[in-house]
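Here is the structure we will look at, set down as structure tokens.
Rule-based calculations on the coordinates, nothing more; no lab input. Model, not experiment: these values are computed from the prediction. With ideal geometry, Cβ positions are generated from the backbone for all residues, glycine too; neighbour counts draw on all protein chains shown.
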Amino acid sequence: MIRINLSPGGRARPAFQFRLPSFNVGLLFLVVYLAALGGVATYWWQLSSDETRLTREIDVMNRELTTLRAVTGQSAQIKAQAAELRQRVQVIAELTKNQGRPLRFLDAFVDSIPKDLWITGIEEKGAVLSLKGTAFSTTAVSDFMQNLRSSGRFKEVDIVVARQEITKTPRFVTFEVTCRFES
């Protein structure tokens, strides 16, 4: 039998041959593309979870802010009500403190008025009382002033005006007396 060698080159092969593996560039781009896609997906997932977490925190903070605004609004109303109540208490305290003075004044004043004299007006300006009235005679006005002095509660009793109407009958005396009432 005859042998025919059809292999090219007819050279003998060396025992060890160093060969680079065949490099597929398309496979390399596929691996890089998949790695980049995985990195972008991971980054997107992280940003999405951060957005969800921050949205929840904002909602919680907004609810807390609404609650706190309601509480601070109520505290302003409570402060206003407290100020109003303090003012009312102060007015009530002042009224109760001074309520005895008019009673003592009327008690001392009623006993000082003679029978033929009428008081038509009482006005208080500061510590000074102005008493206006009408009487049948100047003697009644004089008795009235003397009664005020002798009561011990009225000081500095002075007559400001005393007029007698001559044209009318009976002849009335119109007068004004000033004094200080000491409780």
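For region 112-181, with only Lys/Arg (+1) and Asp/Glu (-1) charged at the beta-carbon, what is the dipole magnitude about the Cα centre, in debye rounded to 20?
60
For the chain, what does -39500 (n - 2.57) per DSSP helix run (n ≥ 4), summed and divided by total residues, give at 222 nm, in deg cm²/dmol to the nearest 500?
Counting only the DSSP helices, I get -19500 deg cm²/dmol.
Explain nothing, just the number: dipole magnitude of the chain about its Cα centre with +1 on each Lys and Arg Cβ and -1 on each Asp and Glu Cβ, in debye rounded to the nearest 20.
That gives the chain a dipole magnitude of about 1420 debye.
Any idea what Rg and Dmax come out to for region 101-148 if you just take the C-alpha atoms, in Å?
Answer for region 101-148, Rg first and Dmax second: 10.9, 31 Å.
Can you run phi through the Karplus equation (6.51, -1.76, 1.60; θ = phi - 60°) for region 109-125 and list ³J(HN,Hα) in whole Hz, with x for Gly and Pro?
6, 4, 6, 8, 8, x, 5, 9, 9, 10, 8, 9, x, 10, 9, 10, 10
Over region 25-98, how many percent of alpha carbon pairs lie in each 5 Å bin up to the one with the longest distance?
Calculated over all Cα pairs of region 25-98, the distribution is 3, 12, 8, 9, 7, 8, 6, 6, 6, 5, 5, 4, 4, 3, 3, 3, 2, 2, 1, 1, 1, 0 percent.
Would you list, by chain and number, the lysines whose Cα falls below 16 Å from the Cα of LYS125, excluding same-chain residues fewer than 8 positions away?
Answer for LYS125, where 16 Å is the Cα cut-off: LYS155, listed by chain and number.
Hey, can you grab everything whose amide H is under 5 Å from the amide H of SER137? Only 5+ residues off in sequence or another chain; H modelled, so Pro and N-termini drop out.
Those lying under 5 Å, H to H, from SER137 are VAL173.
Can you give me the Kirkwood hydrodynamic radius for the chain, using every pair of distinct Cα atoms, in Å to one decimal?
With all distinct Cα pairs of the chain included, I get 27.8 Å.
List the extent of the Cα atoms of region 112-181 along each of their three principal axes, largest first, rounded to whole Å.
Its Cα atoms span 36, 22, 15 Å along the three principal axes.
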